[in-house]
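Remarks on the structure that follows.
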Amino acid sequence: MIRACLKMMRIYYALPITGGFIVIVAYLTGSSVYAARYLLLSSFSLFCVIAGGYILNDVCDIEIDRINFPQRPLVSGATTVNRASIVSASFFAVGLSVAGCVGLKYFAVLGAIAIGMVVYDLFSKRLGFFKDILVASLMVSLYPLAFALTEAVATGRAKSLFVSPFWLFFTSLGYEMLKDVRDVKGDRRIFRSVIADYSGRRWFLPLARVISVFASILSIIPYLLGYCKSVYLGGAIVAIVLAIVSMRKRPSVALRYLYASIAVVASAAMADLIIFGP
């Protein structure tokens with residue numbers, strides 16, 4: 001049961017997303033991550049909500065996963081839908097309870113994010129292309145969540161937070177579109193007239209690739225505006241290269257390259273702050 005829950009939590013997504021939130025807070029405060037109050041509690045609450053959302057996603061997509069991902073815990077029988085549902089609700093409850101201890105503004109924003117995740121899990125396959133827009137918007141919601149936690153310090157680092165959301169939005173959009181192409185077989189079988197209506201078309205995959213490369217190019221803007229230094233520039237260049245290389249890969253492999261590009265940019269941003277300061 002524990003092993004099944006760990007798999008459904010998608011720790012390889014939940015932890016990096018939480019880490020990205022910490023980087024945003026660090027840029028917002030203009031110093032080290034320790035400058036933000038309640039950072040540990042806020043990060044933990046965010047992690048719980050994300051984990052709860054991923055578990056609920058497995059519950060909602062069990063029929064599609066029978067085709068696309070038969071090895072997943074619910075499909076393979078490692079746990080049951082009822083148990084997974086209870087665990088998901090528990091994660092949401094714990095995450096929002098802890099958020100309430102952080103502050104009302106933070107609780108309100110994280111609560112809105114939680115609602116967005118539930119809407120996505122319940123209705124994503126019926127939302128058409130808006131599904132991908134919703135995912136990208138949920139990723140960008142890390143920025144208002146950070147602003148709800150602490151006040152901004154007037155530095156170039158903080159100003160970059162009004163630029164980087166565009167990079168994250170379009171990167172997430174391209175990433176989600178590639179996932180649609182990868183999962184088209186199950187989507188076509190279960191929801192024949194919605195997701196597969198566009199993700200199975202010839203133009204969709206090239207568009208996803210173009211958006212991904214375009215997004216990677218946006219990552220260099222904070223350096224060009226003077227908000228970040230050379231370490232960040234190196235990370236942005238690597239991200240652009242990874243995105244370009246991903247264009248020649250099949251969707252399941254291209255996703256790994258884009259995942260790496262996001263991780264590189266976030267890591268370089270944090271390293272840039274640590275080395276050069278605010």
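Each value in this text was obtained by applying a stated rule to the coordinates, not by laboratory testing. Because the structure is predicted, anything quoted here is derived from the model rather than measured. Every residue, glycine as well, gets a Cβ built from its backbone with ideal geometry; the counts of neighbours run over all protein chains shown.
For region 237-266, trypsin sites (Lys or Arg not before Pro) meeting the loop criterion (DSSP other than H, G, I, E, B) and having at most 12 other Cβ atoms within 10 Å: 248. Among 162, 44, 91, the largest mean-square fluctuation in a Gaussian network model of the chain, built with springs joining Cα atoms closer than 10 Å, belongs to 162.
Helices in the chain, meaning DSSP H runs of at least 4 residues, each add -39500 (n - 2.57). Divided by all residues, the mean residue ellipticity at 222 nm is -25000 deg cm²/dmol. A straight chain from residue 253 to residue 82 at 0.36 nm per residue would run longer than the Cα-Cα distance by 58.3 nm. In this Cβ point-charge picture (+1 for Lys and Arg, -1 for Asp and Glu), the chain has a dipole of about 700 debye about its Cα centre.
Which of the helices in the chain meet the span-like rule: DSSP H, Cα axial reach of 30 Å or more, Kyte-Doolittle mean at least 0.0?
Counting only whole DSSP H runs, the qualifying helices are 39-60, 81-102, 251-276.
Largest mean-square fluctuation among 112, 266, 99, in a Gaussian network model of the chain whose springs join Cα atoms under 10 Å apart, belongs to 112. When you filter the chymotrypsin sites (Phe, Trp or Tyr not before Pro) in region 198-278 for DSSP loop state and at most 10 other Cβ atoms inside 10 Å of their Cβ, you are left with 203. Based on Cα contacts under 8 Å between residues 6+ apart, the chain shows a relative contact order of 20 percent. In summary, the lysines within cross-link reach of residue 185, defined as a Cα separation below 23 angstrom excluding same-chain residues under 8 places away, comprise 7, 125, 131, 249.
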